[in-house]
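Chemist: Take this structure first; my questions come after.
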Amino acid sequence: MQLTRIYLIFLVLTVSSIYGNHTLDSGKSSSSPSTASSSSSNSSSNVPTLTLSPDETMSHFVNQSRMVGCTSSDPDVKLRWRNPKNAIIANAKGRVHVEQFSGASLMLIFEAIVRSDQGNWTCETDTEGGKPVRKKSFKMIVNEPISFRDTRTVQTAIEDKDATIRCEVRGHPEPSVSWSFNGQPLFPPNGKYTMLADGLMIKKVTKNDAGEYTCKAFQVSTTGSSFEEKTIRLNIKHKPYFIHRGTYGSRNVTYGYVGGMVNLTCEATAEPPANFTWSANNKKFSHKSHHIFTANHISMLQIMIKNSTAFGKYRCEAKNELGTISREIQLKEGTKPDPPSRFQLRGVNSDTLDIDVGATKSHDVEPDHSTIIGYRFELIPTEEYGKYRSWERANRRDFDVEDGVTYLLVHLIPDTKYLIRVAARNAAGLSDWTEVKEFSTHPLQPHGFNSGRGAPGRLATSAMVALMATVVAALQF
């Protein structure tokens, strides 16, 4: 379709060019005032003139098509085209070929332009007998749009080694390239990064170098500018590293009590993910003989403490192709906590129950493995418990201990009865459950909070304070 349109335009230009040249020659002949000038004009008319359509310098992208026509003022003169290497184009078919348009015109056709087509293309007369050769040239400028070659969106490097993030940018004119890491611009070269022709080199890669790198390419030419970018996710392969969570006491000591259950947890980040194994007394545990739960980057050994022989040292090992690490966890005998001595309702509204369990936190005594560090609540609608007679469907909520704090059970169903029980928690585990109590939420109301059981609970305190402040202000006024 593009070549057809160019062909029609060229037809109009060619006809106009031929008739224009004839008119011009006729005008020159009639206006000649003397025999000498007439003789000179006749001599010039014997040398044909060439016209290119279009004749201006044009820029194209690779794979585009183009048609250029060469027209002679003398229809009897043969024409030919030469490429930038001065070779004659004789093919009548192919990517670049010529076609005779009329007796006085020869078209040069590019079906798919390539980079090597850039340069001067020349149309000339194919004369014989020593006649002078007429030439007319146009300049072909070929631009290549930005492209990314051999650039995968996910790439991998190895910890403690130099790595290259591949981003090979092609284009003409040659694009300029810049980099950013997790949205922040990088300014190589420096001690960490070095720009390469085909990417970005990172010195001595660490885990912190993992993230998203963006390769940005800018291209500026006489006909315009363009911008493209490629985002690359860099993963760092590394040996396992333990992840330590902030829990009570030493991270390598855990407490339990006879008759209780304890979970020994081993968490390690690694790429590729580590395989975990558990052992004690140089004997490896299997999933068949022990309760071992493993997920991505974490493994948990569950121990039912039937007697004192369960206490001792356990070893966790995390291993991948780049390294192995291990840690020893000592399971010590602790004290089973007592259930909360207080368990009462302090306040209630349509979706919240405020529970007081007598929480205290000593600031004068250094905590030990027997110190209460939190509470676990279990609650279930009375109607639902009546159907299943089981606490397995109960909602569980854990809280850390705070001095004098009551605990809010939120997002409950309005106008619903709930069965609730509580257990205290220390470093060794959970206490027995308290007795089960039943509390009800209020029907849904549009305004304010309501206290429970006739007591002005914490949920209504702010409203009461505001009301009292208003009354005092009015009396003072």
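The values are calculated or read from the model by the stated rules, or taken from the named source; none is laboratory data. Model, not experiment: these values are computed from the prediction. Ideal geometry is used to build each Cβ from the backbone, glycine not excepted, and the neighbour counts take in all protein chains shown. With ligands, DNA and RNA removed, areas are computed over all heavy atoms of the protein, side chains included. Shrake-Rupley method; radii C 1.70, N 1.55, O 1.52, S 1.80 Å.
Chemist: What are the residues in the range 215-227 that are open to solvent by less than 90 Å² (accessible area, probe 1.4 Å) and either at pLDDT 85 or above or within 13 Å of residue 181 (Cα to Cα) (or both), if any?
Modeler: Of everything in the range 215-227, those that are open to solvent by less than 90 Å² (accessible area, probe 1.4 Å) and either at pLDDT 85 or above or within 13 Å of residue 181 (Cα to Cα) (or both) turn out to be 215, 216, 217, 218, 219, 226.
Chemist: Moving on to the next point. Restricting to the range 253-270, give me the number of residues that are open to solvent by 70 Å² or more (accessible area, probe 1.4 Å) and in a strand (DSSP E or B).
Modeler: 1
Chemist: Got at least one residue in the range 323-338 being hydrophobic (A, V, I, L, M, F, W, C), surrounded by fewer than 19 Cβ atoms within 10 Å (Cβ to Cβ) and either modelled with pLDDT of 95 or more or touching a Gly at 6+ places or on another chain (Cβ under 9 Å) (or both)?
Modeler: yes
Chemist: Also, I was wondering about something else. Which strands (runs of 3 or more DSSP E) does the range 394-434 wholly contain that include 1 or more residues that are open to solvent by 80 Å² or more (accessible area, probe 1.4 Å)?
Modeler: On the way: elements: 395-400, 407-409, 417-426.
Strands (runs of 3 or more DSSP E) meeting the threshold: 395-400, 417-426.
Chemist: Consider only pairs whose beta carbons are under 8 Å apart and that are at least six residues apart or on different chains; among these, list those whose first residue lies in the range 106-119 and is within 16 Å of residue 171 (Cβ to Cβ) and whose second residue is part of a loop (DSSP other than H, G, I, E, B) and among the small types (Gly, Ala, Ser).
Modeler: 113/65
Chemist: Find all pairs meeting these conditions: Cβ atoms under 6 angstrom apart; at least six residues apart or on different chains; first residue within the range 370-391 and within 19 Å of residue 358 (Cβ to Cβ); second residue among the β-branched types (Val, Ile, Thr) and open to solvent by less than 40 Å² (accessible area, probe 1.4 Å).
Modeler: So the pair list comes out as 372/401; 373/401; 374/401; 375/357; 375/422; 377/422; 379/420.
Chemist: Residue check: is residue 315 touching a strand residue (DSSP E or B) at 6+ places or on another chain (Cβ under 8 Å), at pLDDT 95 or above and within 30 Å of residue 164 (Cβ to Cβ)? I'd like the intermediate steps shown before the answer.
Modeler: Details: touching a strand residue (DSSP E or B) at 6+ places or on another chain (Cβ under 8 Å): yes; at pLDDT 95 or above: yes; within 30 Å of residue 164 (Cβ to Cβ): no.
Here the answer is no, as residue 315 does not meet what is asked.
Chemist: Here is a further query. Identify all residues within the range 54-82 that are closer than 26 Å to residue 221 by Cβ and of a type in the set (S, T, N, Q); write none if there are none.
Modeler: 57, 59, 63, 64, 65
Chemist: Looking at the range 32-65, which of its residues are hydroxyl-bearing (Ser, Thr, Tyr), at pLDDT below 85 and part of a loop (DSSP other than H, G, I, E, B)? If you could, list the steps in order and put the result at the bottom.
Modeler: First pass over the range 32-65, keeping only residues hydroxyl-bearing (Ser, Thr, Tyr): 32, 34-35, 37-41, 43-45, 49, 51, 53, 57, 59, 65.
This time we only want the ones that are at pLDDT below 85, so: 32, 34-35, 37-41, 43-45, 57, 59.
The answer is 32, 34, 57.
Chemist: Still on this model: So for the range 93-102 (the condition being part of a loop (DSSP other than H, G, I, E, B), touching a Leu at 6+ places or on another chain (Cβ under 9 Å) and open to solvent by less than 40 Å² (accessible area, probe 1.4 Å)), does at least one residue qualify?
Modeler: no
Chemist: Being open to solvent by less than 60 Å² (accessible area, probe 1.4 Å) and in contact with a His (Cβ under 9 Å, 6 or more places away or on another chain) is the filter here; which residues of the range 282-301 pass it?
Modeler: Result: 300, 301.
Chemist: Here's something else I'd like to know. Quick check on the range 127-151: of everything there that is within 50 Å of the chain's Cα centre (by Cα) and acidic (Asp, Glu), which residue is nearest to residue 47 (Cα to Cα)?
Modeler: The selected residue is 144.
Chemist: Please enumerate the residues belonging to the range 383-393 that are loosely packed, with under 15 Cβ neighbours inside 10 Å and of a type in the set (Ser, Thr, Tyr).
Modeler: 388, 390 - these are the residues of the range 383-393 that are loosely packed, with under 15 Cβ neighbours inside 10 Å and of a type in the set (Ser, Thr, Tyr).
Chemist: Can you tell me which residues in the range 145-174 are buried (at least 18 other Cβ atoms within 10 Å of the Cβ) and under 20 Å from residue 117 (Cα atoms)?
Modeler: Within the range 145-174, 146, 171 meet the criteria.
Chemist: Return the residues of the range 79-92 that are surrounded by 15 or more Cβ atoms within 10 Å (Cβ to Cβ) and either touching a Ser or Thr at 6+ places or on another chain (Cβ under 8 Å) or under 17 Å from residue 127 (Cβ atoms) (or both); say none if nothing qualifies.
Modeler: The answer is 79, 80, 81, 82.
Chemist: A further question on this structure: Test residue 412 against the criterion of being in contact (Cβ under 8 Å) with a residue 60 or more places away in the chain and under 42 Å from the mean Cα position of the chain (by Cα), and give yes or no.
Modeler: Working: in contact (Cβ under 8 Å) with a residue 60 or more places away in the chain: yes; under 42 Å from the mean Cα position of the chain (by Cα): yes.
Yes.
Chemist: Among (1) open to solvent by 50 Å² or more (accessible area, probe 1.4 Å); (2) part of a loop (DSSP other than H, G, I, E, B); (3) closer than 27 Å to residue 441 by Cβ, where does residue 367 come up short?
Modeler: Evaluating residue 367 over (1) open to solvent by 50 Å² or more (accessible area, probe 1.4 Å); (2) part of a loop (DSSP other than H, G, I, E, B); (3) closer than 27 Å to residue 441 by Cβ leaves (3) as the failure.
Chemist: Continuing with this model, one more query. For the range 302-316, name all the residues that are buried (at least 16 other Cβ atoms within 10 Å of the Cβ) and in contact (Cβ under 8 Å) with a residue 40 or more places away in the chain.
Modeler: Passing the criteria: 303, 305, 310, 311, 314, 316.
Chemist: I'd like the full set of residues that are aromatic (Phe, Trp, Tyr) and at pLDDT 90 or above, limited to the range 91-144.
Modeler: The answer is 110, 121, 138.
Chemist: Further question on the same structure: Only one of 305, 373, 380, 355 is within 21 Å of residue 432 (Cα to Cα) and more than 46 Å from the chain's Cα centre (by Cα). Can you tell me which?
Modeler: Matching residue, one of 305, 373, 380, 355: 305.
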